[in-house]
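As structure tokens, the structure follows; a few thoughts come after it.
The values are calculated or read from the model by the stated rules, or taken from the named source; none is laboratory data. The structure presented is a predicted model; accordingly, all values stated were derived computationally and were not measured. Please note: Cβ atoms are built from the backbone with ideal geometry, for glycine as well, and neighbour counts cover all protein chains shown.
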Amino acid sequence: MKALEIHNLVKIFKTKKGQSVHALNDLSFDVMQGEVFGFLGPNGAGKSTTIKTLVGLITPSSGNALINGVPVSTGTARLKVGYLPENPAFYDYLTPEEYLTYVARSFLVPVAEVPRCIEQTLKLLELWDARKRQMRSFSKGMVQRVGLAQVLVHDPDIYILDEPMSGLDPLGRSLVKNIILELKNRGKTVFFSTHITDDVEKVCDRVGIIVKGSLVAVNNVENLLKGGVEGYLVSLQSADSTLQNLAPFSVLRQSGTIFEYYIPKDGFNRFMELVIRSGSEVVLVETRRKNLEDYFLSLVK
Amino acid sequence: MLNHFEITFKSIIRDRIFHGIIFSALIFLLIPSVATLSMRQATELSMTLSLSLISFILLLLSLFLGGTHLWRDIERRYTYPVLSWPSSRSAYLVGKFSGIAAFIFLVALLLGGVAVLTVLITAGIYPPERPIVWNLFFLSIFFDACKYILIVAFAFLFSSVATSFFLPVFGSICIYFVGNASQQVHDYINAPATIGISSITKNMATFVYYILPNFSAFDFKINAVYRVPIQVSGVLMTGVYFVVYLCMVISVATLLFEKREMN
């Protein structure tokens, strides 16, 4: 079943000089329930515009979008949605505890469950000790964590995250990736935008690439990664004499009795046959492939 | 909507500018001393000064709270997560407005209490010739608060379309002056003694008079200070005028806010 549906979305902004800027051009794609979908694109590609349209902050010029089959223009469509804006800002005179109470009540979380939900969320995001501090004293990373907390606190089914790793240190980034994977394991739908390909590789099932307001590709991340394999780096431990059997392949590097070979994808089976015949010991096999960044760059260029 | 109301209330209480404005209420302490400078009608002067001070503080609050509150939420992007929640934009706007309106009533009530003490102290030193009519005194404060709530409503209307604080703040100041002058202008134009004004101008002025707020309708200071009775029908008319005008302004504000793009 489809969690998010975007049909022929067009958004045209008018500048102060009266010029038209086409932010989204006939954008169409779906995100299935339980899927982690990465929305990848360079700066200014239309990622945030798409997301703002999904959460009702912007009205499309034409086309429509649905959340769980309900048009995004109706408030009830967002009852099971958690949204994290890019570079979020929250009422800085409130404490995280007060803000999350505000969020939980707005999403109609039963009153008796609110304290437990808040405690669980704040502990998960390592904000428990700061729960009574006004947010005006928070660092950018802490504000980003509050942003994630307000998304998680009401346990929605669909998570729409605009650059969720932005402003976080490596520990924070790792925490967010783990949270996304945990949500995936719980069958939740996650739709997040980023311009960092590594984030997509690590956590996404599918990736959509948007360039200049148009969707240029939607692909399965696993297939992309498999399809991008170019060859293998193989390290063998062997005596010099036994390597004569491997003559068709040249040694890339040698360190004592360890010999390193680069084997193109189509020659790997032949190479391994020769290795077995030679009696050499395989120490390490590393895959050499085009990564998502190469794929992304090739599409953008 | 109650949620937004509560958060708005909390934000006002924690705002430092609000603390500064409320600090000016200390001027009340000076009123009995100043009133004694008048050899006669010290109580009347004390009442006038108290009501004027309340009015001034409420004016500052309405301009500050109305002019900056909604605009700041949009400017600092606090609205992004909030408006993506299931509740409607109109619930958000009305909730915020109600929070400020309730706060203005509360401040008016508290300042009214302080004003009563001030007047009683003065009346204790220089007993008035005629007894004080407290009903009129409170009615005057109540309708003064209503007037400033209308200014807050206008500030919200301007904020719903504004991209800077100039329109909500200075627009509200203009509304304050225009609202206070509209009755006088109307009376002047339609006075039999006024000559040289064409009927078209008169009709246009009358039309504008009905569109613009009329704050003189809310002014019962003279009645309170000099114990001039007010007819119940007059009070009711003012009350109805306040409710109808407020609903109209807030309705237009919500309509505009619903259409606003949060870029």
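Numbers below:
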| read-out | value |
| --- | --- |
| Hey, A:L66 surrounded by fewer than 24 Cβ atoms within 10 Å (Cβ to Cβ) and assigned to a strand (DSSP E or B) or not | yes |
| Counted residues, the range B:109-145 - those being touching a Leu at 6+ places or on another chain (Cβ under 8 Å) and within 20 Å of B:N214 (Cβ to Cβ) | 4 |
| Residue count for the range B:9-28, restricted to those that are free of Cβ contacts under 8 Å to residues at least 40 places away in the same chain and away from chain A (no Cβ under 14 Å) | 5 |
| Residues satisfying the stated conditions in the range B:83-97, i.e. closer than 26 Å to A:I67 by Cβ and either within 8 Å of chain A (Cβ to nearest Cβ) or touching a Gly at 6+ places or on another chain (Cβ under 9 Å) (or both) | B:L83, B:S84, B:W85, B:P86, B:S87, B:S88, B:R89, B:A91 |
| So A:V70, is it at the interface with chain B (Cβ under 9 Å from one of its Cβ atoms), closer than 22 Å to A:G187 by Cα and aliphatic (A, V, I, L, M) | no |
| Residue under evaluation B:I189, criteria (1) assigned to a helix (DSSP H, G or I); (2) of a type outside the set (K, R); (3) out of contact with any Lys or Arg (no Cβ under 7 Å at 6 or more places or on another chain), criterion not met | (3) |
| Residue, nearest to A:D199 (Cα to Cα), within the range A:39-60, restricted to residues that are of a type in the set (A, V, I, L, M) and more than 14 Å from chain B (Cβ to nearest Cβ) | A:L40 |
| Residues satisfying the stated conditions in the range A:73-82, i.e. surrounded by fewer than 24 Cβ atoms within 10 Å (Cβ to Cβ), within 10 Å of another protein chain (Cβ to nearest Cβ) and closer than 16 Å to B:R89 by Cα | A:T74, A:G75, A:T76, A:A77, A:L79 |
| Residues located in the range B:1-41, provided they are buried (at least 21 other Cβ atoms within 10 Å of the Cβ) and farther than 30 Å from A:R105 by Cβ | B:I31, B:P32, B:A35 |
| Scope the range A:177-230; condition part of a strand (DSSP E or B) and hydroxyl-bearing (S, T, Y); matching residues | A:T189, A:S193, A:T194, A:S214 |
| Residue check, A:F29 more than 9 Å from every other protein chain (Cβ to nearest Cβ) and surrounded by fewer than 21 Cβ atoms within 10 Å (Cβ to Cβ) | yes |
| Residues satisfying the stated conditions in the range B:192-217, i.e. over 19 Å from B:Y176 (Cα atoms) and either in contact with a strand residue (DSSP E or B) (Cβ under 6 Å, 6 or more places away or on another chain) or part of a loop (DSSP other than H, G, I, E, B) (or both) | B:P192, B:A193, B:T194, B:I195, B:G196, B:I197, B:S198 |
| Strands (runs of 3 or more DSSP E) wholly inside the range A:243-297 that include at least 1 residues being among the β-branched types (V, I, T) and touching a residue at least 24 places away in the same chain (Cβ under 8 Å) | A:258-264, A:281-289 |
| In the range A:70-82, the residues that are touching a residue at least 40 places away in the same chain (Cβ under 8 Å) and not in a loop (DSSP other than H, G, I, E, B) | A:V81, A:G82 |
| A:L236 vs. criteria in a strand (DSSP E or B), at pLDDT 85 or above, surrounded by 15 or more Cβ atoms within 10 Å (Cβ to Cβ) and among the aliphatic types (A, V, I, L, M) | yes |
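The rows are residues; the columns are (1) at pLDDT 85 or above; (2) among the charged types (D, E, K, R).
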{"site": "B:M1", "(1), (2)": "no, no"}
{"site": "B:T8", "(1), (2)": "yes, no"}
{"site": "B:R16", "(1), (2)": "no, yes"}
{"site": "B:F23", "(1), (2)": "no, no"}
{"site": "B:I27", "(1), (2)": "no, no"}
{"site": "B:L37", "(1), (2)": "no, no"}
{"site": "B:M47", "(1), (2)": "yes, no"}
{"site": "B:S50", "(1), (2)": "yes, no"}
{"site": "B:L58", "(1), (2)": "yes, no"}
